[in-house]
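K.L.:
Handing you a structure now.
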Amino acid sequence: MPLSESRVLYIDDDEGLCRLAKRHLERQGCELTYALSGAEGIELARAEPFDLVALDHFMPGMGGLETLELLMALPSPPGVIYVTGSDETGVAVAALKAGAVDYVVKTGSGDFFELLTSTLHQALATLRLRQQKEQVEQQLRDTNVQLEALLHEMNHRVANSLQMVSSLVSLQSRRATGQEARAMLQDVRHRIQAIGRIHRQLYTGESFHAVNMRDYLEGMARDLTGTFSSENIRRSIKVMAQDASLPAAMAVTLGVLVNELVSNACKYAYGKEESGEVRIRFDLEGADGYHLRVEDDGIGLSGMNDGLNPKGTGLGSQIVTAMARSLGAKHSVTSEGKGLQVDIYRAPSSLPPSTLPETASAVDSTS
Ligand SMILES: Nc1ncnc2c1ncn2[C@@H]1O[C@H](COP(=O)(O)OP(=O)(O)OP(=O)(O)O)[C@@H](O)[C@H]1O
Ligand SMILES: [Mg+2]
């Protein structure tokens, strides 16, 4: 909007100056209304909107700064040019801090009106830029809302599809004739569920791209407890995890890995007639580092059960190694005395992934 089409309000108790300003600006085609006090100016600005207000500092009664505060509190405040005396830079700074777009020094000569006009021009340009910035920001906010809705929908569909695939695998496993085939199909089902749970959490949780590890691991522990426990023999899976979130891609990889380790502990650590405990610990370190430990108190790795002669297909260890490598994490397996302990450690990006924080590794599968 050019100055010639804008509505300007001049607030100054000096009527002579107001009249001169009106004449000068109306020669430029601009409509100028004046008010001889702060209170009158506020009343006019409340009644009809002005694009710009030139506001004098020294006025009897309500002073310039007080008037400025009330102008700024209007539902759509005008752009304010603060008019000060020549030696009042502190006042100009206070006015700018309080929301004035610019200030102009009252010189007492004809130059003042030239200066006022050019400052009004600049103020209009500044206001236009501010408006454009606000519009762009609003567009960005709208786009973000749309993208989040899309992401929500996508996670919902992926989780539903994975649930369907998992159910199909389950149906197939019930039809399988051999014990081994049935077990393999059940393992596949758990792997699919570990991934599906991430997508479910992404559309039901607070964030669309980060997963709360405690919630996720507790959900997985509940499901696996149900799967591997029977009426008399219980697999008690305990989760000790920080209430911390990880990016979805990292969480899904860790989830698949934990599923393998916990399934192994449930299947092999304890005898068929024996109950036992499996513990999952997860601690965040720095912004992107973490320490994951899965441990049990079972038979551990020794003698015939050295892990090199897998009872199943041996795919679990390969998955764990590959997942740890893709995460840039150190992977160590310890089996000294009772039970088996697997550590996955990723140093925060500021630290080199050199050593595990605790415990020596009996079988080091470092990537
Ligand atoms: N927590 C544990 N306690 C005792 N033995 C274990 C434990 N974890 C793994 N093992 C041993 O290590 C072997 C290798 O495990 P891995 O996960 O690689 O294969 P699997 O479980 O036999 O087969 P798959 O994972 O393909 O079902 C297991 O067969 C088992 O003998
Ligand atoms: Mg396994």
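K.L.:
Apply the Karplus parameterisation 6.51 cos²θ - 1.76 cosθ + 1.60, with θ equal to phi minus 60°, to every residue of segment 138-145 and state each ³J(HN,Hα) to the nearest whole Hz, in sequence, with x for glycine and proline.
P.N.:
Whole-Hz 3J(HN,Hα) from phi for segment 138-145: 5, 4, 4, 4, 4, 4, 4, 4.
K.L.:
Apply the Kirkwood formula to segment 288-329: the hydrodynamic radius equals the inverse of the mean of 1/r over all pairs of different alpha-carbon atoms; give it in Å with one decimal. List each step's numbers first, then the result.
P.N.:
Details: mean 1/r = 0.0807 Å⁻¹.
One over the average 1/r among Cα pairs gives 12.4 Å for segment 288-329.
K.L.:
So how do 22-35, 3-16, 254-267 stack up, highest first, on mean other-Cβ count within 10 Å? Walk me through the intermediate numbers first.
P.N.:
Working: 22-35: 16.5, 3-16: 18.4, 254-267: 23.5.
Ranking the peptides 22-35, 3-16, 254-267 by packing returns 254-267, 3-16, 22-35.
K.L.:
Charges on Cβ only, +1 for Lys and Arg, -1 for Asp and Glu, centred on the Cα centroid of the chain; of G63, H152, L217, which one is farthest towards the dipole's positive end?
P.N.:
About the Cα centre, the residue reaching furthest to the positive side is L217.
K.L.:
Mind checking which lysines have their C-alpha under 17 Å from K330, skipping anything on the same chain fewer than 8 residues away?
P.N.:
none
K.L.:
Express in % the proportion of alpha carbon pairs of segment 212-367 at distances exceeding 23 Å.
P.N.:
Working: 4061 of 12090 pairs.
Across segment 212-367, Cα pairs with separations above 23 Å total 34 percent.
K.L.:
Using a ≥ b ≥ c from the Cα gyration tensor of segment 3-137 (square roots of the eigenvalues), is it rounded, prolate or oblate, where a/c under 1.5 gives rounded and otherwise the larger of a/b and b/c decides, a/b for prolate? Before the final figure, lay out each step's value.
P.N.:
Values: a/c = 1.30, a/b = 1.17, b/c = 1.12.
Verdict is rounded for segment 3-137.
K.L.:
Cα axis of helix 315-327 to longest principal axis of the chain: angle in degrees, 0 to 90, nearest 10?
P.N.:
Once rounded, the angle reads 30 degrees.
K.L.:
Checking a compactness column here: for the chain, what do you get for Rg(Cα) / (2.2 N^0.38 Å), N being the number of residues? Spell out each step's value before the answer.
P.N.:
Details: Rg = 35.7 Å, N = 367, 2.2 N^0.38 = 20.7 Å.
In units of the 2.2 N^0.38 Å rule of thumb, it is 1.72.
K.L.:
Where is the GNM fluctuation largest for the chain (alpha-carbon springs, 10 angstrom cutoff): G178, G196, G286?
P.N.:
Its mean-square fluctuation being the largest, the pick is G178.
K.L.:
Suppose only helical runs count, i.e. DSSP H with n ≥ 4. What mean residue ellipticity at 222 nm does that imply for the chain under -39500 (n - 2.57) per run, divided by all residues and rounded to the nearest 500 deg cm²/dmol? Walk me through the numbers before you get to the answer.
P.N.:
Working: 9 runs with 178 residues, N = 367.
Only helices count here, giving -16500 deg cm²/dmol.
Read the figures in this text as sums done on the coordinates, not as results from a lab. Computed from a predicted structure; not experimentally measured. All Cβ positions, even for glycine, are placed from backbone atoms using ideal geometry, and neighbour counts span all protein chains on display.
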